[in-house]
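The values are calculated or read from the model by the stated rules, or taken from the named source; none is laboratory data. Model, not experiment: these values are computed from the prediction. Methodologically, a virtual Cβ is constructed for each residue, glycine included, from the backbone with ideal geometry; neighbour enumeration extends over all protein chains shown. Please note that ligands, DNA and RNA were not included when accessible areas were found on the heavy atoms of the full protein model with its side chains. Shrake-Rupley method; radii C 1.70, N 1.55, O 1.52, S 1.80 Å.
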Amino acid sequence: MTSVALNRGRVARVAAVPGALPLLALGFALGIGLLLIGLTGVPMEKALSAFWDGIAGSGYAFVASITRGVPLALVGFGYVLAERGNLTNVGGEGQIAVGGMASTAGALYFGASHLPGPLAYLFPLLLGTLAGAAWGAIAGGLKAKRGSSEVITSLLLSFIALQLVYGSVQSEALLRQPVTSSSTLPESLPIPSVTELPLLLPSSGLPLHAGVVLALFVALAVTVFLGRTRLGLELLAVGQNPRAARRAGLSVSAFVCAAMAASGALGGLAGAVMVQGDQHYLTAGFSSGYGFDGLVVGLLSRGSSLSVLAFALLFGCLRSGGLAMEISAAVPSAVVVICQGLIVISVAAAAQLAKGSK
Amino acid sequence: MIESLPVFLGSALRLSTPLVLAATGEVVSERAGVLNLSLEGMMLSAAFSAALGAKESGSATVGLLCGVLAATVLAAAQAVLSVRLKANQLVSGIGFNLFALGATTFLYREVFGGLSREVIPSFRE
């Protein structure tokens, strides 16, 4: 017991320095990562230079790391929004999936390409957002009406959504491209170029799309909404004490539904951004774990918008670096997954140590 | 149709065994107030350790014990986080799942090699 108390004292001193604990947790996880790279027998220099080249070795790589962070940040903000109402949205993966499907359908078949100017890409974005909102609202509605745990329902809805994407690209009646030969892949047609998100630096040739601006705008909007508006405060009240909120005249079930819908909307937007900004067509499994990584970003940020952006960027970089390390240095990208897990575990432990020591 | 019924029932029973075992474990931890989200990670690490133990020792029983031991070690680490450090159980559970997924993928490639179809000792004999 004394040793624990001593440790806590030491941790308290470290925790007094702002940002020290997350940095220590990060350092610990990356240290283990280095150790594992050593185990594979790949020369350390080669692995690390591949990792760094993947993150920021060129303008292209750096932009790719940033744009990988965009859907993570959007899903993370969705998590933060729901969390304020004491709701846990773990369904980011499914909300990305339905958002991507709706945006692809809008861009290809609902005439978005005939719309004037920016409407051509804004309309599919809106459709994706609405689809995500509907997917989140199902979990919210079940929570409000039947008391089902939104953790379970939003998680299970994700698996349904992933299968819906799979089904929709298998059938020509839905989103599959016309089958012309036996080698036609089960994917959608590429979306028209006017429905793609505009590039911010078109002359440089870098794929830096407008999703980055969108993520920063969402960051500002969520921060203002939660910190400066009446509705944001009411959402907090509903989350902290539903009975008192009901006595004060607030409709708890409306808040639960709306918060889950808003949270899902950001997930859907993330899916639309992935299709219209990066991939430009729909394929099964296109969400590839971004929803779950975004959930981790939201969990780690503990409600701070700056932390959401920082963790989203970090996880985007880890993804880019891990891929590059696997391709050019043959280090399994599982090393990056291990590091992510260790970051989550050590931040979880450190957060509580810091709180307990105050 | 009717003659395939026993096969169907048999395989349903066989496939439900891991679910029954894992769910029973979850019930025990929920009774103690711990949401064990890292069941997936525990099953993964146990499966890998069991395969490794069985391969190295040549005995399925030793493999089984190795699997149980590995999951117990992971569970003990999670218990320290949840009970002693009072960490958020959702966060730590997800963390352990990620860690176990990465660790088993990594070790599998290091120990068995990329596309191994190696047969390990089983209980069938």
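When A:His209, A:His114, A:His280 are compared by accessible surface with a 1.4 Å probe, the order from highest to lowest is A:His114, A:His280, A:His209. For the protein assembly as shown, the solvent-accessible area with a 1.4 angstrom probe is 50 square angstrom per residue. Each 5 Å bin from 0 upward holds the following percent of the Cα-Cα pairs of region A:285-358: 3, 15, 21, 24, 17, 10, 6, 3, 1, 0.
Take the alpha carbon gyration tensor of chain B, find the square roots of its eigenvalues, order them as a ≥ b ≥ c, and report rounded if a/c is under 1.5; if not, report prolate when a/b exceeds b/c, else oblate. It is oblate, given that a/c is not under 1.5 and a/b is not larger than b/c. Each part gets one Cα centre, and for region A:218-282 versus region B:1-40 those centres are 36 Å apart.
Taking every DSSP helix (H) stretch of at least 4 residues in chain A, weighting each as -39,500 (n - 2.57) and dividing the sum by the residue count yields a mean residue ellipticity at 222 nm of -24500 deg cm²/dmol.
Peptide A:292-302 has a mean of 2 when you count, residue by residue, the C-beta atoms of other protein chains within 10 Å of its C-beta.
Oblate is the label for chain A, because the ratio a/c of its alpha-carbon gyration tensor axes (a ≥ b ≥ c) is 1.5 or higher and a/b is not greater than b/c.
Give me the percent of accessible area attributable to carbon and sulfur for the protein assembly as shown, probe 1.4 angstrom.
The nonpolar share, carbon plus sulfur, comes to 69 percent.
Counting only other chain Cβ atoms within 10 Å of each residue's Cβ, the peptide B:81-87 averages 5. At a threshold of 8 angstrom on Cα-Cα distance, excluding pairs fewer than six apart, so keeping six or more, what relative contact order does chain A reach in percent? It rounds to 36 percent for chain A. Against chain B, whose longest principal axis comes from its Cα atoms, helix B:5-31 is set at around 10 degrees.
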